[in-house]
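*Asks:* Submitted below is the structure of interest, expressed as structure tokens.
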Amino acid sequence: MNSFVTGRRLVRELGEWRSNAPAYKALAARIRVLLMDGRLSSGAKLPAERELSQALELSRTTVAAAYSKLREDGFLDSVRGSGSTLQLPGRERGEHAVHAGLPLDFTRATAPAYPGIPAAYAAALEQLPAWLGHDGFDLVGLPQLRETIAQSYTDRSLPTSADQILVTIGAQHALNLVTRTLYSPGERILVEQPTYPHALDTFASVGARVLAFPVRQQGGWDLQEALLQIRRAAPSLAYLMPDFHNPTGMSMSIQEREYLGAAAAREGTTLVIDETTAMLDIDRGTMPPMAIFSPTALTLGSLGKLAWGGLRVGWIRGPREMMAQFLRNRPATDLGTPLVEQLVATSLIADLPSMTASRSVDLRRGRDMAIALLREHLPQWQVQIPDGGLNLWINTETVSSSALALAARAEGLGLVPGPRFGIDGAFERYLRLPFCYNDGQLSDGVQILARIADRVGADPLRMPLQAVI
């Protein structure tokens, strides 16, 4: 079913959309950016011209001209009596489909496959005949895999048993299952600002009211604001990424973990801890899992960032009674995690130290290369050096990252602008740059950014619309 975008919501998503360009062109281009980076979905119905003109305090003629421009460029389909529906040109749909075929796609922060992947799959296929008597529908996870995951937490000073683990089809599936099980209509969910975009998508899909508290490269997590939000709004869930946070690359201190864990426990807020990036250490060193400071916390993990994005295995770690709730609700969405992938994951997690060491070497090379390129070609941009993760979170000063994304696509480079990671159009002057690509790709990408940054400037619409179709 198509979703309807209200005028009020569109105003929030548009953020800083005005520029020196004619208003109708500025509005059309910003709506296009929202569609390209996933903040608005293909198939969504835009508000009527009159509604949007009132919400934006613009003339209806300006809004009509913006819609006309979108139709002309193939991004809007309007039918009399049925409204105007967003669409991506061509047959492909989805957030990343618009970047298909680009020589450089930096919209995904995904590292190359771990070299041990082929051997792990070969070993799994050798074991497969012994499992062919199994019905193939595994809602909980193979015992050996759950024991291996549990041991990995115990090794990190968080004692865990296999019955505290539920294996899922990746971490995003785990988050969806947690949200749809524990969230009730009308409740609130607390998130970091900025945060992982697909977490926001998940919460939006259930109609949740999302609250946010800042994470700043200078100052870290705003604990006082987090406490204020927890006390004032009593959110049922709080979604956090304490290790190599996406997109900033920062990690919570032990004191921040203790503080937030205690605050959530006092107010009855369940912490949902995303550890998909927790093993992507470069030079930070070990940190205690957040769940140590919050016994009722749920921890989400996966091998997608560490081993390979194509290995769709994740898990939830938490109290046994919650595992039972998730198990009861799971058949409504899927019937279990594939067995071959679970066998592969068992082998890889058993060799976790080698896998993390290999990934750390690659990430150090990429991070240091990206920093050197930025200092050479874009020294005016501000960037903090993260001690892990997959990305740089760059302050572009006066340059609009939405403008960069539009202009870069014309040069064959796919980017995700800063507002995709925030709420209500925040982070227009920030850009996430993954450094998990090879030296040649990083060099080409930064040189493209350097070429377009000056001519884009602070104006998100100086590039002609025709250039980015």
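The values are calculated or read from the model by the stated rules, or taken from the named source; none is laboratory data. Not measured: the values here are computed from a predicted model. We place every Cβ from the backbone using ideal geometry, glycine too, and count neighbours over all the protein chains shown. For accessibility, only protein heavy atoms count, side chains too; no ligands or nucleic acids. Shrake-Rupley method; radii C 1.70, N 1.55, O 1.52, S 1.80 Å.
*Asks:* Picking from 3, 41, 53, which residue would you name as being at pLDDT 85 or above, of a type outside the set (Phe, Trp, Tyr) and touching a Ser or Thr at 6+ places or on another chain (Cβ under 7 Å)? If you could, list the steps in order and put the result at the bottom.
*Replies:* Numbers: 3 fails: at pLDDT 85 or above; 41 fails: at pLDDT 85 or above.
Of the residues listed, the single one that is at pLDDT 85 or above, of a type outside the set (Phe, Trp, Tyr) and touching a Ser or Thr at 6+ places or on another chain (Cβ under 7 Å) is 53.
*Asks:* Still on this structure: Just checking, how many residues over segment 35-72 are among the small types (Gly, Ala, Ser) and under 30 Å from the mean Cα position of the chain (by Cα)?
*Replies:* Applying the first criterion (among the small types (Gly, Ala, Ser)) to segment 35-72 yields 38, 41-44, 48, 53, 55, 59, 64-66, 68.
This time we only want the ones that are under 30 Å from the mean Cα position of the chain (by Cα), so: 38, 41-44, 55, 66.
Total satisfying the criteria: 7.
*Asks:* Going through 25, 69 one at a time, which residue ends up being open to solvent by 40 Å² or more (accessible area, probe 1.4 Å), basic (Lys, Arg) and under 25 Å from residue 416 (Cβ atoms)? Spell out the reasoning first.
*Replies:* On the way: 69 fails: open to solvent by 40 Å² or more (accessible area, probe 1.4 Å).
From the options 25, 69, the qualifying one is 25.
*Asks:* Has segment 312-321 got any residue that is open to solvent by 20 Å² or more (accessible area, probe 1.4 Å), over 30 Å from residue 438 (Cα atoms) and without any contact (Cβ under 8 Å) to a residue 40 or more places away in the chain?
*Replies:* yes
*Asks:* Also, I was wondering about something else. Consider residue 136 carefully, then state whether it is open to solvent by less than 50 Å² (accessible area, probe 1.4 Å) and assigned to a loop (DSSP other than H, G, I, E, B).
*Replies:* On the way: open to solvent by less than 50 Å² (accessible area, probe 1.4 Å): yes; assigned to a loop (DSSP other than H, G, I, E, B): yes.
In short, yes.
*Asks:* Working only within segment 402-457, note down all residues that are among the basic types (Lys, Arg) and surrounded by 24 or more Cβ atoms within 10 Å (Cβ to Cβ). First the steps, then the outcome.
*Replies:* Pass one, segment 402-457, residues among the basic types (Lys, Arg): 409, 420, 429, 432, 451, 455.
If the condition is that a residue be among the basic types (Lys, Arg) and surrounded by 24 or more Cβ atoms within 10 Å (Cβ to Cβ), then 420, 432 are the ones that fit.
*Asks:* If you don't mind, another one. What helices (runs of 4 or more DSSP H) completely inside segment 299-411 contain at least 3 residues that are closer than 24 Å to residue 126 by Cβ? Walk me through it before giving the result.
*Replies:* Working: elements: 320-329, 339-350, 352-377, 401-410.
Per the criteria, 339-350, 352-377.
*Asks:* So residue 317 fits all but one of (1) within 26 Å of residue 256 (Cα to Cα); (2) modelled with pLDDT under 95; what number is the exception?
*Replies:* It is condition (2) that residue 317 fails.
*Asks:* Are there any pairs with C-beta distances below 6 angstrom linking a residue in segment 243-269 that is under 14 Å from residue 226 (Cβ atoms) to a residue that is part of a helix (DSSP H, G or I) and open to solvent by 10 Å² or more (accessible area, probe 1.4 Å), with the two at least 6 apart or on different chains, and if so which?
*Replies:* Between residues of segment 243-269 that are under 14 Å from residue 226 (Cβ atoms) and residues that are part of a helix (DSSP H, G or I) and open to solvent by 10 Å² or more (accessible area, probe 1.4 Å), the close pairs are 257/293; 258/293; 259/223; 261/293; 263/227.
*Asks:* Got a sec? Which of 41, 19 is open to solvent by 40 Å² or more (accessible area, probe 1.4 Å), in a loop (DSSP other than H, G, I, E, B) and at negative phi? Walk me through how you get there before you give the answer.
*Replies:* Numbers: 19 fails: open to solvent by 40 Å² or more (accessible area, probe 1.4 Å).
From the options 41, 19, the qualifying one is 41.
*Asks:* Which condition number does residue 156 fail, the rest of (1) outside any loop (DSSP other than H, G, I, E, B); (2) touching a residue at least 24 places away in the same chain (Cβ under 8 Å) being met?
*Replies:* (1)
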